[in-house]
Amino acid sequence: MGLRINDVVPDFTAETDQGSITFHDWIGDSWAILFSHPKDFTPVCTTEFSAVAQLNDEWAKRNTKVIGVSVDGVEEHKGWKKDIESYGNAAAGFPIIADGSLEVSKLYDMLPADAYLPDGRTPADSATVRSVFIIGPDKQLKLSMTYPMTVGRNFAEILRALDGLQMSTKGVATPANWVPGEDVIIPPAVSNEDAKAKFGAFETVFPYLRKTKAPE
């Protein structure tokens, strides 16, 4: 069974283009996002990592570390970063895990189903799907998304989801299409009396749907 929301994510030690890391220690007290990429020097992956690099300041504002994983080696990662930085016109300061053994890919269930076929496997079968894991400072999985190899990820949505997760730590939920600055939802388990004490004024749309300004 794959990882589920609120599972503590697997710890591991791995080589990256920035040296050896132990994953839980590397996360520390930060939020973290782990991105899997099928292979170095591939077109969709290059556009994706360039998008990650362009958001360097946004990750930092949110106390979030980002890290990639690909089946190729450290030297390939270092060479690939030159293309990533050239395409995105931004520094790729994040590490990329060298997962030639597929240890991390298997720990996080990133391989497509046919990668587990015992016979007739080709190098293409070892390529991971495009997975995203958002992990809290408590090392628990907060959100995961998985795309096929042919579809590039929407990093505006990943950033929005991260904002929603961090907002939810303040005791609220976020409605569909929420972005920072918009009203949030008071959970049904919170009574009107407690909601008023905690959030002040709020709007009752339905008895079970109440909105209030996002807490600071």
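Points to keep in mind about this one:
- Across the stretch 133-142, computed HN-Hα scalar couplings (Karplus, 6.51 cos²θ - 1.76 cosθ + 1.60, θ = phi - 60°) run 10, 9, 10, x, x, 7, 6, 8, 6, 9 Hz from first to last residue, x flagging Gly and Pro.
- The chain: most fluctuating residue of 194, 83, 25 per GNM, C-alpha cutoff 10 Å: 194
- Under the shape rule built on the C-alpha gyration tensor, where the axes satisfy a ≥ b ≥ c, the stretch 142-216 is prolate, since a/c reaches at least 1.5 and a/b is greater than b/c.
- Largest mean-square fluctuation among 177, 56, 89, in a Gaussian network model of the chain whose springs join Cα atoms under 10 Å apart, belongs to 177.
- In this simple spin-label approximation, residue 78 and residue 168 carry label points 7 Å from Cα along the Cα→Cβ vector, and these lie 4.0 nm apart.
- Full-stretch length increase - residue 7, residue 216 - with 0.36 nm per residue and alpha-carbon distance subtracted: 72.5 nm
- Nitroxide proxy distance, nm - points 7 Å out along Cα→Cβ at residue 15 and residue 208: 5.4 nm
- Seen against the Cα atoms of the chain and their longest principal axis, helix 43-54 is set at about 50 degrees.
- GNM remark for the chain: springs join alpha carbons under 10 Å apart, and the peak mean-square fluctuation among 57, 99, 72 falls on 57.
- Anisotropy class of the stretch 18-92 from Cα gyration tensor, a/c 1.5 cut: oblate
- In this Cβ point-charge picture (+1 for Lys and Arg, -1 for Asp and Glu), the chain has a dipole of about 720 debye about its Cα centre.
- Restricting attention to the chain, close to 70% of DSSP beta bridges with both partner residues there are antiparallel.
- Ranked from largest to smallest solvent-accessible area, with a 1.4 Å probe on the protein heavy atoms, 139, 170, 196, 106 come out as 196, 106, 170, 139.
- Once the Cα atoms are used to define both axes, helix 74-88 deviates from the longest principal axis of the chain by about 60 degrees.
- C-alpha long axis of helix 155-168 to longest principal axis of the chain, angle in °: 40 degrees
- Gyration tensor verdict on the chain (Cα atoms; rounded if a/c is under 1.5, prolate if a/b is larger than b/c, oblate otherwise): prolate
- A cut-off of 5 Å between modelled amide H atoms, ignoring neighbours fewer than 5 places along the same chain, links residue 42 with no other residue.
- Computed with a 1.4 Å probe over protein heavy atoms only, the accessible area of residue 3 comes to about 50 Å².
- Annotation note: trypsin sites (Lys or Arg not before Pro) in the stretch 1-94 located in DSSP loop regions with a Cβ neighbour count of at most 13 within 10 Å are 4.
The values are calculated or read from the model by the stated rules, or taken from the named source; none is laboratory data. Quick caveat, the model's predicted, so the values are computed rather than measured. Ideal geometry is used to build each Cβ from the backbone, glycine not excepted, and the neighbour counts take in all protein chains shown. Please note that ligands, DNA and RNA were not included when accessible areas were found on the heavy atoms of the full protein model with its side chains. Shrake-Rupley method; radii C 1.70, N 1.55, O 1.52, S 1.80 Å.
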